[in-house]
Amino acid sequence: MNTTTKHDKFLEDLDVKSILGQDEDANIDRHLPMRKWLYSWLLDPNIPGNFQKELDKWISYLIIGNLFSLMFEHVPAVYEPYRTWFEMFDIFSVAVFTIEYVLRFYLAPEDEEFKNRKHARFGFVSSPFAIIDFLAVAPFYLKAFIPIDLRVLRFLRLLRILKLFRVLIPAIAEFKELNQGRTFRQKVHALVFPSNYGGTMQHIFEVFIGVWVILSVMAVILESVKSINYILHLQFVILDAVAVAIFTVEYCMRMYSCVEEPGYKGAFLGRVRQAKNPSTFIDFLAILPFFLEVFLHHLIDLRFLRVFRLARLLKLTRGSDATAVLVKVVVREWPVMGAATFIMMLLLVLTASLGYLFEYDAQPEKFENIPTSIYWAVITLASVGYGDISPVTPMGRAMTSVLALLGIGIFAIPAALLASAFSDELVKERDQLKANLFAILKDGHISEAEAAIIRAEAKRLHLTVEEVNKLIEVVIKEHELEERNPLPIHKIAENPALAVEHYKVLLGQIRQLGVQVDGAKFDEAAQTADRLSSNELTLWHKIQGKA
Amino acid sequence: MPLSPGTFSPERPDFLHFMAIHMASTNEHTHEKPHLGPNTADKLFLAFLVLIVIAVTWLGVVNYQEALKTEAAKSNGEAWVAWLTETGTTRFEADTQHPACKGGVKPAADAKAGTPGTWGACLAYILETTELKDQVNAFFNKPPHFVAACDPKDRTLMGAILLEDLMPTPPGSATPFVASQLVEADPIDYKMQLRLSVCDKGGYAIKVAEFEF
């Protein structure tokens, strides 16, 4: 890690934007020939900051949009009223895909893959990607000349999904390269768990799972809308089965490969530990209702089970750090929050009892017993005030006034505690990043691997370029200060191990001095006017290995 | 750097995690080369995965078939709605095609099922002469029956039809109408507002339509 490579950034030419991967200003010469210039801006994957990635991303979105459009076209109740919109979207998609194809065809002579061929454009046209691109748009034009059955046409339009291979194939190639010489289980691990071996493929896997989580949760929500469920019931059933199949495979892959994760070693115990992990338990909850619904539908209320499927939303917390921070903060502040909760409960029971005492005679149907009064006390203390139960006696009203004022303070305590704990946690994590930056910058340069770490940390803590810049400035200043002001001798003397290290450093400096100075002249100067005693001079010679 | 692979949190890939992985990856090259192809455990896992996918697919198919039964129940309901709506537009005419369902014929106050002008007479006519008599409740492979209400606790009601008469309430009421099951002795001499629902697999009512008859 400490070997300096051509990618290393030194402190004097540190560019935080490039470290954070945000150097989006592509350096493309304006005076390039038109074709080369266009290729550089739109299709060259080797120029950081051009539009190539953006273009790929939006084309991918359009392909996914086409997939949904195709799916809904099979539902007459959705398709018939919006037929024009569906057709417009199809025309728009074909237009975009055609422009993309023509552009790639025109720019093929600039492409590294085809430029050295005799007929670059023919090379492009006969390449697998170009054939897929052609198949994606051909049916649309074909139907203008040949009457094609609508079902066949729809099937042919499904071929547009193949365009996603433009993104997938490079990711698979990268994944293969990263995992060369690794076992099957390690490869599965690299795909499902974040690691240095996952690359773009792991990111695609996470996005894929995320998309299915969102889709299945949306389906659960829309299922509760009777008019939508009436039309799309079958589609919801299919979608749920596909989502469960995907989540089940994901769960099995995680359970199988978790033993590659440090901290989960052991074929059985490691997996048990993984199964008990909150995020894995959530994964299990995400698939459980499906199986329960099939086997126990005659015992358990189906509506309850369907709502239970909303737990899938929790799967998204795997990609976010916020839940872990929340749990950490609550656990840390639990003693204080527990005390606040205890006071709250005390006040609640006391108020409810007094409410019952004062109001029962006046409104026996509303303040029927203490548990009913507890409901009234909670609603009042929390400043919600539905008004379905309210005091009518002077004593009851007086008490409610005091209670409402107290409620503001009492309920605010846990909220304030949590807010301040969150803020503390953020400061702590930034301090940690600062310490890590300090360790990274100690050798005066940032390697590619270290830049990747800074990138990941900055992303996790949601830091902007300016914030990271500021942190790096602070670290550099502290670093310089540390170099200028070493620890005082008495501080070093307090720690024998540190003293030994200090002694070694001093000896090293003396030896270095000996190597660089002219030995004869040094001896002469030392003996002149008794600058060094004979013992001191002997020690010098010993250290230099001359004695 | 004071970092070691053992100090990271397995919950999230933080700084130390990345460092640990990086260090582990640099160390790995010094180890002896492991067996790279799928070993027995990997093959077992793959077989298990295939089994799981087959099982989920099978359960998905079972769910789909059950959903198809609900769709069939909905289709039954839609056919009833279509017939009743169409008849509703002509049944007040003198030469109506379906005299048993004719409107404007007031039955006696103590009319029984089957008396002309009652729903019972119209229902009997429908089940004898129209294509609706051939309907099948896909849940039980029997003709669908009319029920008073769908009940999740009673699974024998799956696929049953619930036909309700919507009686408008006086202006200013909290609810615009009161729904009551259309029973055989009910008179159908006036323009009626009906609601037809079917009971789904869970025993809940699925509203098919509200229509005039």
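At a glance:
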quantity: Enumerated helices (runs of 4 or more DSSP H) restricted to segment A:485-528, each holding at least 2 residues that are more than 56 Å from the chain's Cα centre (by Cα) and closer than 13 Å to A:TRP540 by Cβ; calculated: A:519-527
quantity: Scan of segment A:345-378 for residues that are buried (at least 17 other Cβ atoms within 10 Å of the Cβ) and closer than 12 Å to A:LEU403 by Cβ, ordered by number; calculated: A:LEU348, A:THR351, A:ALA352, A:LEU354, A:GLY355, A:PHE358, A:SER373, A:TRP376, A:ALA377
quantity: Flag if B:CYS150 is part of a loop (DSSP other than H, G, I, E, B), open to solvent by less than 50 Å² (accessible area, probe 1.4 Å), at negative phi and among the hydrophobic types (A, V, I, L, M, F, W, C); calculated: yes
quantity: Residue match in segment A:138-158 (condition: closer than 20 Å to A:LEU55 by Cβ and either under 37 Å from the mean Cα position of the chain (by Cα) or touching a residue at least 12 places away in the same chain (Cβ under 8 Å) (or both)); calculated: no
quantity: Yes/no for B:THR175 being farther than 30 Å from B:VAL62 by Cα and hydroxyl-bearing (Ser, Thr, Tyr); calculated: yes
quantity: Restricting segment A:379-397 to residues that are assigned to a helix (DSSP H, G or I) and open to solvent by less than 70 Å² (accessible area, probe 1.4 Å), the residue that is farthest from A:GLU368 (Cα to Cα); calculated: A:LEU381
quantity: Residue count for segment B:75-96, restricted to those that are charged (D, E, K, R) and either within 14 Å of another protein chain (Cβ to nearest Cβ) or over 18 Å from B:TRP119 (Cβ atoms) (or both); calculated: 3
quantity: Any hit, segment A:172-179, residues being in a loop (DSSP other than H, G, I, E, B), of a type in the set (Phe, Trp, Tyr) and either more than 14 Å from every other protein chain (Cβ to nearest Cβ) or open to solvent by 20 Å² or more (accessible area, probe 1.4 Å) (or both); calculated: no
quantity: Residue, farthest from the chain's Cα centre (by Cα), within segment A:392-419, restricted to residues that are among the small types (Gly, Ala, Ser) and under 20 Å from A:TRP334 (Cα atoms); calculated: A:GLY409
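Yes or no, residue by residue, for (1) at the interface with chain A (Cβ under 8 Å from one of its Cβ atoms); (2) modelled with pLDDT under 90; (3) over 26 Å from A:TYR251 (Cβ atoms):
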{"residue": "B:PHE8", "(1), (2), (3)": "yes, yes, no"}
{"residue": "B:HIS22", "(1), (2), (3)": "yes, yes, yes"}
{"residue": "B:THR26", "(1), (2), (3)": "yes, yes, yes"}
{"residue": "B:LYS33", "(1), (2), (3)": "yes, yes, yes"}
{"residue": "B:PHE48", "(1), (2), (3)": "yes, no, no"}
{"residue": "B:TRP58", "(1), (2), (3)": "no, no, no"}
{"residue": "B:ALA73", "(1), (2), (3)": "no, no, yes"}
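The values are calculated or read from the model by the stated rules, or taken from the named source; none is laboratory data. Owing to the predicted nature of the structure, the values given are computational and were not obtained by experimental measurement. As a convention, Cβ positions derive from the backbone with ideal geometry for all residues, glycine included, and neighbour counts pool all protein chains shown. Surface areas here come from the heavy atoms of the whole protein model, side chains and all, with no ligands, DNA or RNA. Shrake-Rupley method; radii C 1.70, N 1.55, O 1.52, S 1.80 Å.
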